[in-house]
Amino acid sequence: MASRIFAFILWAAVAASLAYWGLRWLAPATGVPASATSVKLGGHIQGDYRRLFVAQSDQTASGEPAPDPGAAAQLVSRLRILGAVASAGTGGGVALMSIDGKPPRAVRVGSVIDGDMVLLALNQRQAEIGPAAGPALARVDLPVLPPPSTGTLPPPQGVEPASAAPLSPARTAPGRMGGDGSDGSDDNGT
């Protein structure tokens, strides 16, 4: 009896495998979605190659490396600020930034922008960028708002000027007394 059960299990596994691979082979291939983009493998790594050749003597007395103004300048060249909301008194705020043409993202004051560069301060005219514990290495001017569009509205169509329309005398409802004598009574109301 054990050999029959073992043979049944073995043939059931073979049948399940054939069914799986048969359905897989007969299924239509799925197409590539319209929103898919190709991957560029030839892109080079973007970075500051001068860091490879910096000597160890370029460190400050506290043992921390000196801030690299080249990294900030490189970031500023790749950065585009689309808008900002700066608070007047607290020194906080949020800037809408796009790096390397990617979709913009909101960056708070004190948050990392890229690498070790941080948004240090933000006001109504510019954003300051630098290392988290260091001075501002770069200042980026915020985009200027476009001037308001001015002009005149076209005259309304299909409306006559008020001076051309004849004025009609004021009418009173029938049965009501008016001061114009239209109901046949005199001015005393009798």
Flag if residue 89 is open to solvent by less than 70 Å² (accessible area, probe 1.4 Å), at pLDDT below 80 and either in a strand (DSSP E or B) or out of contact with any Pro (no Cβ under 9 Å at 6 or more places or on another chain) (or both): no
Run residue 57 past the list (1) of a type in the set (Gly, Ala, Ser); (2) open to solvent by less than 100 Å² (accessible area, probe 1.4 Å); (3) modelled with pLDDT under 80 and report the number of the one that doesn't hold. (2)
Search result, residues across the stretch 100-119 that are of a type outside the set (Asp, Glu) and at pLDDT below 85: 101, 113, 115, 117
For the stretch 92-111, what are the residues that are buried (at least 19 other Cβ atoms within 10 Å of the Cβ) and in contact with a Gly (Cβ under 8 Å, 6 or more places away or on another chain)? 95, 109
When the stretch 112-124 is checked residue by residue, the ones that are under 19 Å from the mean Cα position of the chain (by Cα) and surrounded by 14 or more Cβ atoms within 10 Å (Cβ to Cβ) are 113, 114, 119, 122
Going through the stretch 93-132 one residue at a time, which ones are over 12 Å from residue 79 (Cβ atoms) and in contact with a Lys or Arg (Cβ under 7 Å, 6 or more places away or on another chain)? 94, 126, 128
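The values are calculated or read from the model by the stated rules, or taken from the named source; none is laboratory data. It should be emphasised that the depicted structure is a prediction, and the values quoted were computed from it without experimental measurement. Here Cβ is always computed from backbone atoms with ideal geometry, including for glycine, and neighbour counts include all displayed protein chains. These area figures cover heavy atoms from the full protein model, side chains too; ligands, DNA and RNA do not enter into them. Shrake-Rupley method; radii C 1.70, N 1.55, O 1.52, S 1.80 Å.
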